[in-house]
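Everything on this sheet refers to the single structure shown next.
The values are calculated or read from the model by the stated rules, or taken from the named source; none is laboratory data. Keep in mind that what you see is a predicted model, and the values were worked out from it rather than measured. Here Cβ is always computed from backbone atoms with ideal geometry, including for glycine, and neighbour counts include all displayed protein chains. Side chains included, ligands, DNA and RNA excluded: accessible areas come from the protein's heavy atoms. Shrake-Rupley method; radii C 1.70, N 1.55, O 1.52, S 1.80 Å.
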Amino acid sequence: MPYHFLAYLYRLQFIERWSLMRKTTEENVAEHSFHTALLAHLLASISRHVFGNDVNPEEAATYALFHDATEVITGDIPTPIKHHNPNILSNFRQIESLAANQLLSTVPEPLRDVYRPLLGRKPASPELAKLVKAADVLDAYLKCVSEMSAGNREFATARRQMEEKLHSFGLPEVEWFLERLAPSFERTIDELSED
């Protein structure tokens, strides 16, 4: 019997993000998942090595890598639609849960316990869950910064909203990142190589 799990995950490259926005650069869910995993690993590393917290960067990266896996079934529902009212969000969470179960059924039986906690669920540790969520929002913020740097004002409101949301987490790791690493995203490749 064939198991289609990996074939499904590879199809994340066909799920478009930011579908309501005019973009200078297209982005898909596979790219976003990769970027979110990078950012989650980095935020957890900052947490561990700068602030001395007991956080596992590899675990953060793993959860982030799979955080939108169910979108291969549900598609990417834009945030303004998902969060329009509590009923829509609640219904969408139920749909996500059904999609996670459907996706889990495509995993070979001996591996299901490995992937069950990763599909559509948050990490057990609230601190780690918050870092992964912050990485998700941080990737959206960096997309907005990149679009704005390319002259696309379509992302001005989203950038402000993402920045406000990032500050609302109250995470020193995020503030450390925003101060030291985020400004580079506003530079051209030539400007990056000047330093």
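What percent do you get for the relative contact order of segment 51-157 when only Cα pairs under 8 Å and 6+ apart count?
Values: 61 pairs, mean separation 34.0, N = 107.
Here the relative contact order equals 32 percent.
Picking from L142, L65, L20, whose Cα lies most toward the positive end of the charge dipole for the chain (charges on Cβ: Lys, Arg +1; Asp, Glu -1)?
L20
Which ³J(HN,Hα) values in Hz, rounded to whole numbers, follow from the phi angles of segment 67-73 under the Karplus curve 6.51 cos²θ - 1.76 cosθ + 1.60, where θ = phi - 60° and Gly and Pro get x?
After applying 6.51 cos²θ - 1.76 cosθ + 1.60, I find 5, 10, 4, 5, 5, 5, 9 Hz.
Among the chymotrypsin sites (Phe, Trp or Tyr not before Pro) in segment 38-69, which ones are in a DSSP loop with at most 14 other Cβ atoms within 10 Å of the Cβ? Mind listing them? Show your work: numbers first, answer last.
Numbers: sites: F51, Y63, F66; in loops: F51, F66.
Here the sparse-neighbourhood loop sites are F51.
Find, among the GluC sites (Glu not before Pro) in segment 115-195, those assigned to loop by DSSP (not H, G, I, E, B) with at most 11 other beta-carbon atoms within 10 angstrom.
Those satisfying the criteria are E194.
Specify the angular offset, from 0 to 90 degrees and rounded to the nearest 10, of the alpha carbon long axis of helix 126-149 from the longest principal axis of the alpha carbons in the chain.
50
Under 5 Å between amide H atoms, partner at least 5 residues away or on a different chain: which partners does G120 have, H built in plane at 1.01 Å?
Amide H neighbours of G120, under 5 Å, 5+ apart: A69, T70.
Suppose every Lys and Arg Cβ carries +1 and every Asp and Glu Cβ carries -1, with no other charges. What dipole size does the chain come out with about its Cα centre, to the nearest 20 debye?
720
Under 14 Å between alpha carbons: how many lysine pairs meet that in the chain, if sequence neighbours fewer than 8 apart on the same chain are excluded? Before the final figure, lay out each step's value.
Details: K23/K143; K122/K130; K122/K133; K130/K165; K133/K165.
Counting lysine pairs in the chain gives 5.
Tell me, what % of the accessible area of the chain is carbon and sulfur with a 1.4 angstrom probe? Intermediate results must be reported in sequence, preceding the final value.
Details: 6060 of 11110 Å².
About 55 percent, which is the carbon plus sulfur part of the accessible surface.
If you line up the long axis of helix 156-168 against the longest principal axis of the chain, both from Cα atoms, how many degrees apart are they, to the nearest 10?
The two axes meet at around 80 degrees.
What ³J(HN,Hα) values, in whole Hz, does the Karplus curve 6.51 cos²θ - 1.76 cosθ + 1.60 give for segment 185-195 when θ = phi - 60°, with x put for Gly and Pro?
6, 9, 9, 7, 4, 5, 5, 5, 8, 6, 6
In the set (1) 0.96; (2) 1.06; (3) 1.01, which value of Cα Rg over 2.2 N^0.38 Å was calculated from the structure you see?
Answer by label: (2).
With every protein chain present, what is the per residue accessible area of the chain (1.4 Å probe, Å²)? Mind dumping the intermediate values first?
Numbers: 11110 Å² over 195 residues.
Each residue of the chain exposes 57 Å² on average to a 1.4 Å probe.
Dividing the Cα radius of gyration by the Kirkwood radius, what Rg/Rh value follows for segment 152-195?
Details: Rg = 12.7 Å, Rh = 12.0 Å.
Reported Rg/Rh (Cα atoms, Kirkwood Rh): 1.06.
Taking θ = phi - 60°, what integer Hz values does the Karplus form 6.51 cos²θ - 1.76 cosθ + 1.60 yield along segment 110-119, in sequence order, with x for Gly and Pro?
x, 9, 4, 5, 6, 8, 3, x, 8, 8
Looking at the chain as a GNM with Cα springs under 10 Å, which of P57, P183, P117 has the largest mean-square fluctuation?
Answer for the Gaussian network model of the chain: P183.
Let me spell out the model: positive unit charges on the Cβ of Lys and Arg, negative unit charges on the Cβ of Asp and Glu, origin at the Cα centre of segment 6-49. What dipole size does that give, in debye rounded to 20?
100
I want to verify a result. In a Gaussian network model of the chain, Cα cutoff 10 Å, which of these has the top mean-square fluctuation: R116, R11, R180?
Highest fluctuation of the listed residues: R180.
Rank R112, R22, R153, R93 by accessible area, highest first, at a 1.4 Å probe radius?
R153, R22, R93, R112
Work from the charge dipole of segment 47-195 (Cβ charges, +1 for Lys and Arg, -1 for Asp and Glu, about the Cα centre) and give the residue of I189, T74, T157 farthest towards its positive end.
T74
Between the alpha-carbon centers of segment 89-115 and segment 135-195, tell me the distance in whole angstrom.
So the separation of the two Cα centres works out to 32 Å.
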